[in-house]
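First up is the structure itself, then whatever we jot down about it.
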Amino acid sequence: MPQEAIVPLIEGPREACGVFAAYTPRQRVSSVIYFGLYALQHRGQESAGIATSDGETVTVFKDLGLVAQVFDEPALAGLDGHLGIGHARYSTTGSNNWANAQPAHRQVGNTSFALGHNGNLTNTRDLATRLGIKGATTDSDLMAEGIARALDDERSDARGLEMAIMEVAPTWEGAFSLVLMDQGRIVGLRDPNGFRPLCLGSLPEGGWVIASETAALDMVGAQFVREVAAGEMVVIDAGGVHSYPISHNVKPGLCLFEFVYFARPDSHMYGRGIHAARHQMGVTLAAEHPADGDVVVPVPESGLPAAQGFAAASGIPYADGLVKNRYIGRTFIEPTQNLRDRGIRLKLNPIPDNLRGRRVVLVDDSIVRGSTTRKLVQIVRDAGAVEVHLRVSSPPYRWPCFYGMDTSDRSELLAAERSVEDIAAFLEVDSLAYLSLEGLLGATGADPEGFCTACLSGEYPTPVPIDADKLLLERL
Ligand code: SF4
């Protein structure tokens, strides 16, 4: 497997990871985890890994690449046992190399444990100092090391892993949805804000699964039981599911971008289907910002439900105007601008018959850096559109995310310092409008207080790293 950077051919917001865990006394756990990870591939495409246990020995297999590239039948057959965890990674901290692939593994005395992390810690420097670790590392590795040290403090009893987690979890700040395991149990854990999703499912033939999204439960035939709560740890062993609080300072703040972009449309969170919420975003957007157009065209694929909602509410006909090549995802290429420019045409191609001579209302879910959107607008114009009116089903993305989305550099954000008029001029559109934050929160159908909105509002639910963005902190 080559070690170069893997770059996306088209830039959207990028997510940290997908995690999955299974306790399956009646079937080969590695296959269940494989298909669970397969359903979570959209959350991370740089590396994939699975760790399993037969009750005695923990075995780990991981590599760079997509789930289907990393695992084949012999690799899965070598992962023995009835319990395990899996991880699909996108690197928001640490570079993309084999050592940073997860699950992270430690052996402490008789305890062998593995960990998979979705999210970003915001106090990694403090943690590294506390643990005496110098040089490059990842937040996930620091968590594994912290647990290993707590285990070292003579915890060899049967509940050693969960006691060690409960001891060190209060030292972690920021976003962590974790799956862990030792020889005899799996563990799911969410930070006190619950920035990243995590849910629990049961298998009809007996057993349990934990996953980033409900779509992964569907994939393996598991029934949704409930979401793992913010600040909760669930431990699953031969005795069933046990729940423990890891914090008394719980304030749910699920990432609002899960509803906008990250999550699969066939998942649900807070009891609301993601597709239905995105459709409603389009309905509200049409009411807030009508457009004079002949046709509503989505930016595939996450802009699709919002475009359908916009078309239904506005009465403007819906048409596909851009086709996504489903078989090009990520590739091992040098991340030069030149290749990225070409990459967009490889991934999205116009249907001129649906665009030529039309006033096009182009609907996208978000604009983060803007370079892709600008090129898309040009593609639509080149295909014959006479006007392009861009409607975005989320508010301007103005503030960096420290909780797992790849936007910690504010200078890269198109809307950071620009007005909507300036952005419209940059994108060369005839008009531009964004869904309001109230409209977006309303479209989720969930309690608006239950979300993190920091990248859209500048209101961070937790302290953010002092040196991460000095300009931002001066403003705050
Ligand atoms: Fe999600 Fe934005 Fe909060 Fe990051 S800052 S967790 S992307 S809502």
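The values are calculated or read from the model by the stated rules, or taken from the named source; none is laboratory data. Since the structure is predicted, the reported quantities are computational estimates derived from the model, not experimental observations. Glycine gets a Cβ as well: all are built from the backbone with ideal geometry, and neighbour counts include every protein chain shown.
In segment 247-271, what residues are within 16 Å of the ligand (Cβ to nearest atom) and at positive phi?
Tyr270
Considering (1) surrounded by fewer than 23 Cβ atoms within 10 Å (Cβ to Cβ); (2) in contact (Cβ under 8 Å) with a residue 40 or more places away in the chain; (3) in contact with a Leu (Cβ under 7 Å, 6 or more places away or on another chain), say which one Met219 fails and leave the rest.
With respect to (1) surrounded by fewer than 23 Cβ atoms within 10 Å (Cβ to Cβ); (2) in contact (Cβ under 8 Å) with a residue 40 or more places away in the chain; (3) in contact with a Leu (Cβ under 7 Å, 6 or more places away or on another chain), Met219 is out only on (3).
Among (1) modelled with pLDDT of 95 or more; (2) over 22 Å from Pro25 (Cβ atoms), there is one condition Asp152 misses while meeting the rest; what is its number?
(1)
Determine which member of the set Ala148, Ala169 is without any contact (Cβ under 8 Å) to a residue 60 or more places away in the chain and either of a type in the set (Val, Ile, Thr) or closer than 26 Å to Ala99 by Cα (or both).
Ala148
Among what's in segment 441-462 and is within 15 Å of Glu258 (Cβ to Cβ) and polar (S, T, N, Q), pick the residue that is nearest to the chain's Cα centre (by Cα).
Thr453
For Ser53, state whether it is surrounded by 24 or more Cβ atoms within 10 Å (Cβ to Cβ), modelled with pLDDT under 95 and polar (S, T, N, Q).
no
May I ask you to list pairs of residues, at least six apart or on different chains, whose Cβ atoms are under 7 Å apart, with the first in segment 435-462 being without any contact (Cβ under 8 Å) to a residue 60 or more places away in the chain and within 27 Å of Ala291 (Cα to Cα) and the second being within 11 Å of the ligand (Cβ to nearest atom) and not in a helix (DSSP H, G or I)?
Here the result reads Leu437/Pro395; Leu437/Thr453, each pair linking segment 435-462 to a residue that is within 11 Å of the ligand (Cβ to nearest atom) and not in a helix (DSSP H, G or I).
Within segment 20-32, work out how many residues are more than 18 Å from the chain's Cα centre (by Cα) and either among the β-branched types (Val, Ile, Thr) or under 14 Å from Ile186 (Cα atoms) (or both).
The number of residues fulfilling the criteria is 7.
Within segment 94-132, which residues are modelled with pLDDT under 90, surrounded by 20 or more Cβ atoms within 10 Å (Cβ to Cβ) and closer than 20 Å to Gln45 by Cα?
Of everything in segment 94-132, those that are modelled with pLDDT under 90, surrounded by 20 or more Cβ atoms within 10 Å (Cβ to Cβ) and closer than 20 Å to Gln45 by Cα turn out to be Asn100, Ala101.
When residues of segment 177-197 are filtered for being within 16 Å of the ligand (Cβ to nearest atom), under 18 Å from Gly49 (Cα atoms) and in a loop (DSSP other than H, G, I, E, B), how many remain?
Number of matching residues: 0.
Just for helices (runs of 4 or more DSSP H) wholly inside segment 366-461: which have at least 3 residues that are buried (at least 19 other Cβ atoms within 10 Å of the Cβ) and more than 16 Å from the ligand (Cβ to nearest atom)?
In segment 366-461, the matching helices (runs of 4 or more DSSP H) lie at 371-382.
Go through (1) within 16 Å of the ligand (Cβ to nearest atom); (2) of a type in the set (Phe, Trp, Tyr); (3) at pLDDT 95 or above and name the single condition Phe310 misses.
Against the list (1) within 16 Å of the ligand (Cβ to nearest atom); (2) of a type in the set (Phe, Trp, Tyr); (3) at pLDDT 95 or above, Phe310 comes up short only on (1).
Any residue at all in segment 1-17 that is modelled with pLDDT under 95, within 16 Å of the ligand (Cβ to nearest atom) and part of a strand (DSSP E or B)?
yes
Can you name the condition, by its number, that His248 falls short on among (1) within 17 Å of the chain's Cα centre (by Cα); (2) over 13 Å from Pro197 (Cβ atoms); (3) at pLDDT below 95?
(1)
Can you work out which of the residues in segment 224-246 that are assigned to a loop (DSSP other than H, G, I, E, B) and without any contact (Cβ under 8 Å) to a residue 40 or more places away in the chain is nearest to the ligand (Cβ to nearest atom)?
If we take residues in segment 224-246 being assigned to a loop (DSSP other than H, G, I, E, B) and without any contact (Cβ under 8 Å) to a residue 40 or more places away in the chain, then Ala229 is nearest to the ligand (Cβ to nearest atom).
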